[in-house]
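FYI, it's all coordinate maths here, none of it is from the lab. Please read these numbers as outputs of a predicted model, since none were measured by experiment. Using ideal geometry, Cβ is built from the backbone for each residue, glycine included, and neighbour counts are taken over all protein chains shown.
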Amino acid sequence: MTTLTHEHEAHPGRQGPAPPPRGWRRLLYPGLLRAAWMAPLFFGIGCGIVVLCRWWGGWQPIWFGEIIVLVGALIAGPIGFLAGIGAFDYWVRYAIGSPTKPEDHSGHGAYSWRDYFRVNTDHKVIGIQYLTTTIFFFLAGGLLAMLVRAELAKPGMQFFDNQTYNGLFSVHASLMIFLFVIPAFAGLANFVVPLMLGAPDMAFPRLNALSYWLLPIAGIMMLSSFLVPGGAFAAGWTGYAPLSIHQPLGTIFFNMGVQWAGASSIMTALNFLVTIITMRAPGMTFWRMPLLVWANFTTSLLVVIATPFIAGSQFFVMFDRVMHTHFFDVAGGGYPLGYQHIFWFYSHPAVYIMMLPGFGIASEVISAMSRKPIFGYRLMALSLMAILVLGFSVWAHHMFVSGMAPWLRVPMMITTLMIAVPTGIKVFSWLATIWEGKLNFATPMLWAVGFVSMFVIGGLSGIYLGAVPIDIHVSDTYFVVAHIHYVLFGGSLFTIFAGIYYWFPKMTGRQYNEKLGKLHFWLTFVGFNLTFFPMHLIGTQGMPRRVSDYAPQFANWNLFISIASFALGASTIVFLYNMVTSMRRGAPAEANPWRSLTLEWQVSSPPPIFNFDEIPQVVGNPYEYGVPGARHAVLNGDRAATETEVRSR
Amino acid sequence: MRRGSIVQLIVIGVLAGAVASAVALIPNWLPSSASREAGRIDFVFWFVTGICIFVFSIVAAVSVYSVWKFRVKPDDDSDGPPIHGHTGLEIAWTAVPALLVTAIAIVSAIVLAKDDAAGANPLRVNVYAQQFFWSFSYPGYGDKKSDVLRLPVNRSVVLEGHSKDVIHSFWVPEFRQKQDLVPGLTPTLHITPNKVGTYPLICTELCGLGHALMRSRVVVMEPAAFDKWASRKGA
């Protein structure tokens, strides 16, 4: 505690980083300007290495476009960009033995909008960087979905050829999963978790900055695949081999984009784990952590264990393509189902990576806005752990019709259906929390309760999919499309919105517009159900997914769905308008507008640069609403109630 | 809890159950059934639907009632009762769902075992998938070839899947059966058609540019007509 305050006080008048030097020296100063020349330089170095190797090995042609794109544009160029913007400066200095700059926290905090465009080590700034970046890719992915629905409004081909259409839904899914849901949760947690723990920052602030800057690289890579010859990657976000091996050039943009996004996830997850394990404030035992922290703890374990598998699967596909290996090529002795096993060993846990943080957000919002302790706190935390463990034993339920060993289906069905038990515990506990509460239906609560109701529908359709005989019928149909949107839109996205509205006052220091927030919720809620519920029906009736054209019997429903989806898309405009205007002109927010007990609300809005002037002392559970005299933490020299005193009460 | 609120809860639950049942029963959720396997799969479908309507009604009753009764004005600063948990309830909502999903798992496993077993004297058919069309051959009839899958009614059929390029998936919604055809593997699928007619055959695994149009037909015929067709030379 004391060292922190000292460092802080050592620079009393500091207002951010020293101004950049003038003249040509500015080119050497870490930032976007240096990145603008270092990225092409590294691209050139990458090309040089390729040409040199090919010339030396005697391979023709020496200028081989595909490899040059891969090594130059997808690997070396981004590394140059990161080096240019300054993500590696400290480590490079250290590695080459030159004196490192003493940490003066000049890379910490944001004093103008420019500070969001540089390598910043403040977890609050990084959290906002994450959120704005992911919302950008959310809009991009959403627009792609609008194009998909435009094409599907009528049977036959309307606007796109098949390659473009397949690219649209592939990039839509990839952006939504890898550039929106997963990192948006990471962004919210980045802002909130250190505050909730009573910590001044994340454990590794420079690693945190690096993991953010990997994200725009991954997103731009996936989006820019539309611009290369042959069009975007078009084998679906699942990229099943052998189809994905023999696709146009855009496929390697997916293979590599996943690597950058995956590296970002893994670094953040490690950072969360170390932060949660080592940086809890005194008195913050595991059983006093808010459920959002528990959720991010389990999610981070999932990320660290599972993500290397998708990295491997995409490398194998790419090696099959560019290095002529035969991992999944039958003619060379490969095994196509191997891809699916490796892929789903990540991508099923990924479903929980995309849902558990949302469970955490829902628990925070529902408890605070029902003015009641969370029902069954320990069972809520334990059910997260149960989902974590079970989540690794169910991957092959995506493969019931794949041709894998038939005996594997029944055990995988049993574990799959068993996940309904911890998930059910969570749903019932949220309902028991709102029971007899004092429900304040501000916007975050609407999203949280909306999430619970939609997630129940998504969970029940999951039971259909878990039962093998039904899955055999509905696998790869619109029923699956409906199911995943009920869990990832009604589940993940609803909780992301709940979190954004809930912490908006804390992040910006201003209050969002409540009327617009509610309007946004209702438009989305209605539009969402009108769009996705009918998909269950056309799926069971026989419409396969991932098709640009379909049998005339589904024409009416598809037109209906397309119109509903445009309304759903339009609801996002209300959200954006609310965010932008409230950020600039919203009413100043109180420190604790929701009267929450958790630590992030006990500091000003927005929080001071090092979060707490003094490390708080945690003395009780985080959800003791309605318990007379109960406190979660004591801070700001307020030593009225110490731990022993609270215990003796 | 007062008796009045219990009645209100039950009324909401029954209403929610009625709405859910209407959604389940009024539209035609499943295409017509044309195989013995389809009949069994439909049984699982309706069994699960029944359980889901039950769970949905309970959840809807509690949430609608709570939203209706426990909402307060924004300026109400009071707190709710500090209830931290209830061990009995928590055991109940762990055990009951566990029992329900176990029941679903048992029913599913039995149906799966039946659907995976070939009947007596099955007809063997090779299914060949390639970008972007289907073809079939009948080893029992001098390797007769066809672009349309013709099957006799009420005879067990074993389809052996072959893919020449990427992964495709064989699906006939009226049969409810589906199987991916993977290069290098020869997975089998069992079907016993029990209704004469013509049904669509759809590829359900994204296989490239022509995926949406990779369709064919299945014609289920009287055994005599099938024998006559199958014994004829040529396609």
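When Cβ neighbours within 10 Å are restricted to other protein chains, what is their mean count per residue of peptide A:333-339? Spell out each step's value before the answer.
On the way: counts 1, 2, 4, 8, 5, 0, 1.
Mean shielding by partner chains, rounded to a whole number: 3.
Using a 10 angstrom cutoff on alpha carbons, build the Gaussian network for chain B and name the most mobile of B:Asn154, B:Asn121, B:Asn194.
Maximum among the listed residues: B:Asn121.
With labels modelled as points extended 7 Å from the Cα through the Cβ direction, what inter-label distance (nm, one decimal) is found for B:Trp46 paired with B:Ala22?
2.1
Taking other Cβ within 10 Å of each residue's Cβ, how do A:Trp430, A:Trp601, A:Trp37 sort, fewest first?
Ranked by crowding around the Cβ, least crowded first: A:Trp37, A:Trp601, A:Trp430.
Give, as ranges by residue number, the residues of segment B:9-29 whose backbone N falls under 15 Å from the point 7 Å along Cα→Cβ of B:Ala103.
Answer for this model: none.
Taking R0 as 60 Å, what FRET efficiency do you get between A:Ser393 and B:Ala225 from their Cβ-Cβ distance, rounded to the nearest 0.05? Working shown, then result.
Details: r = 49 Å, r/R0 = 0.82.
For R0 = 60 Å, the calculated efficiency reads 0.75.
So how far apart, in nm, are the two label points at B:Asp116 and A:Ser604 if each is 7 Å from Cα heading toward Cβ?
Result: 6.6 nm between the two label points.
Extending each Cα 7 Å along its Cβ direction at A:Leu143 and A:Phe319, get the distance between those two points in nm, one decimal.
3.8
Taking the Cβ-Cβ separation of A:Phe226 and A:Ile62 as r and a Förster radius of 30 Å, what is the calculated FRET efficiency to the nearest 0.05?
Numbers: r = 29 Å, r/R0 = 0.95.
With R0 = 30 Å, the Cβ-Cβ based efficiency is 0.55.
Read phi for every residue in segment A:592-601 and hand back ³J(HN,Hα) as whole Hz from Karplus 6.51 cos²θ - 1.76 cosθ + 1.60, θ = phi - 60°, with x for Gly and Pro.
Karplus values, whole Hz, x for Gly and Pro: 9, x, 9, 6, 7, 9, 5, 5, 5, 8.
Considering amide H positions built from the backbone, and no H for Pro or chain starts, which residues 5 or more places from B:Gln177, or on another chain, come under 5 Å of its amide H?
Hits under the 5 Å cutoff: B:Val172.
If r is the Cβ-Cβ distance from A:Ser106 to A:Ala587 and R0 is 41 Å, what FRET efficiency results, to the nearest 0.05? Show your work: numbers first, answer last.
Working: r = 32 Å, r/R0 = 0.79.
So, using R0 = 41 Å, E works out to roughly 0.80.
Within 10 Å of each Cβ in A:120-127, how many Cβ atoms from other chains are there, averaged over the peptide?
Working: counts 0, 0, 0, 0, 0, 0, 0, 0.
The per-residue average across the peptide is 0.
In this model, which of A:Lys426/A:Lys518; A:Lys372/A:Lys426; A:Lys438/B:Lys73 are farther than 20 Å apart at the alpha-carbon?
Flagged as over cut-off: A:Lys426/A:Lys518.
Can you work out the PRE-style zone for B:Arg232? Point 7 Å along Cα to Cβ, and I want the residues of segment B:126-148 with backbone N under 15 Å.
Output list for this probe position: B:144-148.
Under the Karplus relation 6.51 cos²θ - 1.76 cosθ + 1.60, θ = phi - 60°, what is the ordered set of whole-Hz ³J(HN,Hα) values for segment A:519-525, x standing for Gly and Pro?
Each residue of segment A:519-525 in turn: 4, 4, 4, 5, 4, 5, 4 Hz.
Sorted from largest to smallest, which semi-axis lengths in Å does the alpha carbon gyration tensor of the protein assembly as shown give for its equivalent ellipsoid, taking the root of 5 times each eigenvalue?
They are 48, 37, 22 Å, listed from largest to smallest.
Can you put B:Val59, B:Val44, A:Val192 in order, fewest other beta carbons within 10 Å first?
Details: B:Val59 22, B:Val44 25, A:Val192 28.
Listed from fewest to most nearby Cβ atoms, that is B:Val59, B:Val44, A:Val192.
Using the count of nearby Cβ atoms within 10 Å as a rough guide to exposure, how do A:Asp320, B:Asp77 rank from fewest to most?
Least crowded to most crowded, the residues run B:Asp77, A:Asp320.
Express in nm, to one decimal, how much length is gained between B:Ser32 and B:Lys145 on full extension, taking 0.36 nm for each residue of separation and deducting their alpha carbon distance.
So the chain would gain 37.9 nm between B:Ser32 and B:Lys145.
For segment A:355-587, what relative contact order do you get, as a whole percent, if you take Cα pairs closer than 8 Å and at least 6 residues apart?
Once normalised by length, the contact order is 23 percent.
Please report the equivalent ellipsoid semi-axes of segment A:129-174, computed as sqrt(5 x eigenvalue) of the Cα gyration tensor, largest first, in whole Å. Don't skip to the end; give the middle numbers.
Values: eigenvalues 124, 20, 7 Å².
So the three semi-axes of segment A:129-174 are 25, 10, 6 Å.
Just tell me how shielded A:625-634 is by partners: mean number of partner chain Cβ atoms within 10 Å of each residue's Cβ, no decimals.
Shielding by partners across A:625-634 averages 2.
Taking the alpha carbon gyration tensor of segment A:192-312, what are the square roots of 5 times its eigenvalues, largest first, to the nearest whole Å?
They are 36, 14, 9 Å, listed from largest to smallest.
What value, in deg cm²/dmol to 500, does the helix sum -39500 (n - 2.57) over DSSP H runs of n ≥ 4 give at 222 nm once divided by the residues of chain A?
-20000 deg cm²/dmol
Starting from the Cα-Cα distance between A:Arg25 and A:Ala405, subtract it from 0.36 nm times their residue separation and give me the gain in nm to one decimal.
130.4 nm
In debye, nearest 20, what is the charge dipole magnitude of the protein assembly as shown about its Cα centre with +1 on Lys and Arg Cβ and -1 on Asp and Glu Cβ, if you could check?
Charge dipole, the protein assembly as shown, about its Cα centre: 820 debye, nearest 20.
Going by amide H atoms built from the backbone, whose H comes under 5 Å of the H on B:Lys144, apart from near neighbours?
So B:Lys144 has HN proximity to B:Tyr138.
For a label point 7 Å from the Cα of B:Thr186 along Cα→C-beta, name the residues of segment B:100-129 whose backbone N is under 13 Å from it.
Residues B:124-128 qualify, since their backbone N sits under 13 Å from the label point.
Using a Gaussian network for chain B with springs between C-alpha atoms less than 10 Å apart, which of these wobbles most: B:Ala16, B:Ala98, B:Ala129?
With Cα springs under 10 Å in chain B, the top fluctuation among B:Ala16, B:Ala98, B:Ala129 is at B:Ala98.
Using alpha-carbon positions, what is the distance between the centroids of segment A:337-364 and segment A:145-189, in Å?
Each part reduced to its Cα centre gives a spacing of 19 Å.
Mind checking which helices in chain B clear 20 Å along their axis (Cα) and have mean Kyte-Doolittle hydropathy of 0.0 or more, DSSP H runs only?
Qualifying helices, which must be both long enough and hydrophobic enough, are B:3-25, B:36-69, B:87-115.
Give me the distance between the Cα centres of segment B:186-235 and segment A:218-252, rounded to whole Å.
33
Sequence-distant or interchain residues sharing an amide H contact under 5 Å with B:Arg124, placed H: which?
B:Gly140, B:Val158
For chain B, modelled as a GNM with alpha-carbon contacts under 10 angstrom, which of B:Asp147, B:Asp75, B:Asp116 fluctuates the most?
B:Asp75
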